[in-house]
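Every number in this text was worked out from the coordinates using simple rules, so none of it is lab data. Keep in mind it's a predicted model, so treat the numbers as computed, not measured. Cβ placement follows ideal geometry from the backbone for every residue including glycine, while neighbour counts extend to all protein chains displayed.
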Amino acid sequence: MAETPNAAAGAAVRPSVLSLPIREKSALYAAYMPFLANGGIFVPSTKAYRVGDEIYLILTLMDDPAKYPIAGKIAWITPAGANNNKAQGIGVQFSADESGQRVKQRIEELLGSALGSSRATHTL
């Protein structure tokens, strides 16, 4: 029996896995999105995504030896050639689960008073 091209059509789509090492506080400030429910982070990417796609992110924060695995959803997309020379990539909203809350808390600890800054970011 020949296999049809749609044989895998019923298979579940696995979320993309991305790794994001952030080495400097200024880069973390530019990428963090405190205005999203549960927090979120900008991930530079040239890959095509759709808003609502689920992704799995492995985040490394500066000198912290821990790796933070986070399930999230794409909240927005910055396309190539966006206004104001914004970097191309995706905004990933952290999940409401323990891993999402843990990384949100850790990012806010690292940023401290910088959270109130009006400096430009990769986000809105």
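If you take every residue apart from residue 14 with its C-beta less than 13 Å away from the C-beta of residue 14, what net charge results, scoring Lys and Arg +1 and Asp and Glu -1?
-2
Where a Cα-Cα gap under 26 Å defines reach, which lysines qualify for residue 67, not counting those fewer than 8 residues away within the same chain?
25, 47, 104
At a 10 angstrom cut-off on C-beta neighbours, averaged per residue, how do the peptides 58-71, 28-41, 76-89 rank from highest to lowest?
28-41, 58-71, 76-89
To two decimal places, what compactness ratio does the stretch 20-106 give when its Cα radius of gyration is scaled by 2.2 N^0.38 Å?
1.03
Taking the Cβ of each residue in 19, 95, 113 as the centre, tally the other Cβ atoms inside 10 Å and list the residues starting with the fewest. Write down the numbers at each step before the final one.
On the way: 19 11, 95 16, 113 6.
Going from sparsest to densest Cβ surroundings: 113, 19, 95.
What is the local net charge at residue 34, summed over the other residues whose Cβ is closer than 9 Å to its Cβ (Lys, Arg +1; Asp, Glu -1)? It would help to have the intermediate numbers written out before the result.
On the way: positive: 104; negative: 108.
Local net charge: 0.
Add +1 for every Lys or Arg and -1 for every Asp or Glu among the other residues with Cβ under 13 Å from the Cβ of residue 112, and state the total.
0
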